[in-house]
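> The structure under discussion is supplied below as structure tokens; questions concerning it will follow.
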Amino acid sequence: MKRSLPLLACTLLAGSSVVAKERSTFKYTAPPDGERPVIVDAVIAPQGSDFAMRLRFDKEPWGEECKNRCSNATLLIDADSSKQTGLKLAAGAPGNGADLAVIIQGVREYATESGKGAKNWLRVKVRLLNSEPSSVDDGELLAELSHKHDTDRIQSDGKTVYLLIDSTHPSIPAGRKARVVYQPPGGKPIQATVTGLIGGGGSKGNVKIFKDGNWGKAPKADP
């Protein structure tokens with residue numbers, strides 16, 4: 001399945017006029033026998049009041065290729081890098097303190113009418129995790145995005161997914177630093193620290209995934 005995407009500027013900025021080399025927030029080596037697509041390279045950083053993400057999977061996260069075994073990846077964001085707020089798990093769990101859960105799912109729905117094939121799409125759910133939830137499913141659903149209807153927030157191109165996650169909800173804390181946690185299936189949790197929503201320093205540490213209403217893709221963003 002081919003999905004086209006207009007040119008996208010996906011570069012990290014080191015200053016208002018200097019473009020720095022793009023740096024991955026984290027990388028992961030996928031096992032060769034994995035059943036579902038997993039994130040193998042991620043760039044995550046603030047873009048204005050959003051968290052912007054470029055996520056590369058080891059194989060296409062949705063569509064005919066993965067059929068019923070498409071992506072079901074969850075990223076946890078601790079927006080203020082504090083375990084005093086947010087998700088409450090077992091003592092020492094990396095996800096403790098997470099304020100947002102971003103769930104990227106490849107969805108396949110079989111048509112009920114005869115003669116029509118299955119429908120496939122990419123869905124992203126965003127859940128708010130205040131101090132009450134003890135699991136991601138307990139969080140308040142803030143947004144449910146589809147690549148078909150929310151093209152200003154979600155785009156995909158082959159193995160790569162581009163997201164803008166709105167972080168303006170009053171219950172989402174902001175800090176100079178934020179943590180990202182990814183739990184690959186059967187692997188150890190991956191943790192990374194990124195610039196927070198009030199990280200300061202102008203555009204330093206920020207990412208440009210969406211600009212002037214247009215998506216585009218830099219050469220280095222190719223899967």
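The values are calculated or read from the model by the stated rules, or taken from the named source; none is laboratory data. Values in this document were obtained by computation on a predicted structure and should not be read as measured data. Neighbour counts run over all protein chains shown; Cβ positions are idealised from the backbone, glycine included. Areas reflect the complete protein model, heavy atoms only, side chains present, ligands, DNA and RNA absent. Shrake-Rupley method; radii C 1.70, N 1.55, O 1.52, S 1.80 Å.
> Considering only region 126-147, I want to know if a residue exists there that is part of a loop (DSSP other than H, G, I, E, B) and under 22 Å from R56 (Cβ atoms).
The answer is yes, given that some residue of region 126-147 is part of a loop (DSSP other than H, G, I, E, B) and under 22 Å from R56 (Cβ atoms).
> Look through A42, A30, A52 and report the one residue that is farther than 30 Å from P173 by Cα, surrounded by 17 or more Cβ atoms within 10 Å (Cβ to Cβ) and modelled with pLDDT of 90 or more.
A30
> Look at region 179-210 and say how many of its residues are at pLDDT below 50 and within 18 Å of the chain's Cα centre (by Cα).
Adding up the residues that qualify gives 1.
> Another question, if that's okay. Only residues that are touching a Pro at 6+ places or on another chain (Cβ under 9 Å), open to solvent by 50 Å² or more (accessible area, probe 1.4 Å), touching a residue at least 40 places away in the same chain (Cβ under 8 Å) and farther than 18 Å from N72 by Cα: list them for region 120-173, please.
none
> Under 7 Å between Cβ atoms, at least 6 apart or on separate chains: pull out the pairs that start in region 15-33 with a residue that is of a type in the set (A, V, I, L, M) and end on any residue that is part of a loop (DSSP other than H, G, I, E, B) and modelled with pLDDT of 80 or more.
A30/V38; A30/D58
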